[in-house]
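Just below is one structure, and these are the notes that go with it.
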Amino acid sequence: MDQRPIGVFDSGLGGLTAARQLRRILPSENIIYFGDTARVPYGNRGRETLLKYARQDMRFLRSFDLKAVVIACGTISTNCLEALQSENDIPIVGVVEPAVRRAAGISRRRRVGLVATRASVNSGAYERAFRRLDPELSVHSLACPLFVPLVEEGRCQPGDIVVETVAREYLAPLLAEGIDTLVLGCTHYPLLAEVIGEIAGEDVALVDVGAEAAGACRDLLAAGDALTDRKEGSITFCTSDRAVDFQRLASLFLGEDAAGPVQQIDITGY
C-alpha cells in the first residue's frame, strides 16, 4: 500500500476531466491538481517553451511527495513525455498510448480520427503510436485550436450556436473520410462530447483520453501494489492564475462541487 497522493497537471482546467475519472475509479486516492491557467493554452506554443513549462509544472508537483503523475495535457504528452519520464524517478502517465490502445481496439473499419491542439497534431505522436500498434490503421488528424478557449469560457453545451458551428466545420473533413472512431485528444474536449457526438453521429465512437490515462494510472499502481487503503480520498486544487476564476469553472470540468480552497502559486519560481 502507498498512501502518497497522485499528481495531475494540465495547461488549464481541462485536466480536471482526467481527475474526475481518477476519482471515479480510485475514490480512495488523494489527488494534487495543478492547472497552469496563467499560461493556457499550451497548444500553440513551440516545443522548447512547452518543455520549459512542463518542467516547471513537474517541479511544483514534486514539491509534494507523490507516487505517480498523470499528464492530463495532450500537448505536453505528445511533446515532452519522454523527457519528463527520463528526468523523474516516479511513474508518469501520458494520454497518448492509453487512448491509442483503446481506439485501435474498438475501430471496426480501421479508420480513426483525432482532434487535438495544433502542437499535438504537429508532433505526430498519435500517428506514430498508431503505426506501432497497427500499421494498417488509417489515421486522420485535425488541429482544433478554438475548442480550448471555447471550453474555458463555458461555451460547450448543445444549443450553443458558436460551439456547434465551430465543431461542424472542424469535423466535416474527418467525417468525410469515413472514420468510425474519434479520439478526443485534449482533456478539455470531453466537455464537448455531447456536441461532437450529435454532429458525428452514433456510428462514431468517441475516445476520452483523460479517462484512458486514468485507467492506465490505476493499472500501473495496482500492478505495483501502490494503491491506498484509506476510506475516502481528497483533491487539492492549485492554479497559477486567480483562484476565483479557477473555482468558477472547476465544478463544470470535475463534475462535482469544487468548493474546496484553491491555492494560487507562482509557477515561474519553479
For the stretch 1-105, the percent of accessible surface on carbon and sulfur atoms (probe 1.4 angstrom, ligands and nucleic acids excluded) is 44
At most 11 other Cβ within 10 Å, DSSP loop - trypsin sites (Lys or Arg not before Pro), the stretch 66-142: Arg108
Ignoring any ligand, DNA or RNA, what whole percent of the accessible area of the stretch 159-270 comes from carbon and sulfur when the probe is 1.4 angstrom? 49
Radius of gyration and Dmax over the Cα atoms of the chain, both given in Å: 17.5, 49
Residue-normalised accessible area of the stretch 1-138, given per residue in Å² at a 1.4 Å probe: 39
Taking just the alpha carbons, could you work out the radius of gyration and Dmax for the stretch 111-205, both in angstroms? 13.0, 39
Zero-based 5 Å bins, Cα pair distances in the stretch 1-158, whole percents: 2, 9, 18, 21, 20, 16, 11, 4, 1, 0
Would you calculate, for the chain, the mean residue ellipticity at 222 nm contributed by helices, counting each DSSP H stretch of 4 or more residues as -39,500 (n - 2.57) and dividing by all residues, to the nearest 500? -13500 deg cm²/dmol
Quote the relative contact order of the chain in percent (integer), defining contacts as alpha-carbon pairs under 8 Å separated by 6+ residues. 30
Quote to one decimal, in nm, the extra length available between Ser234 and Glu127 on full extension: 0.36 nm per residue of separation minus the C-alpha distance between them. 34.9 nm
Each label sits 7 Å from Cα toward the beta-carbon; between Glu177 and Ala193 the label points are separated, in nm, by 2.2
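The values are calculated or read from the model by the stated rules, or taken from the named source; none is laboratory data. Fair warning: this is a prediction, and the values are worked out from it, not measured in the lab. So basically every Cβ, Gly included, is an ideal-geometry build from the backbone, and we count neighbours across all protein chains shown. Remember, those area values only see protein heavy atoms, side chains included, never the ligands or the DNA or RNA. Shrake-Rupley method; radii C 1.70, N 1.55, O 1.52, S 1.80 Å.
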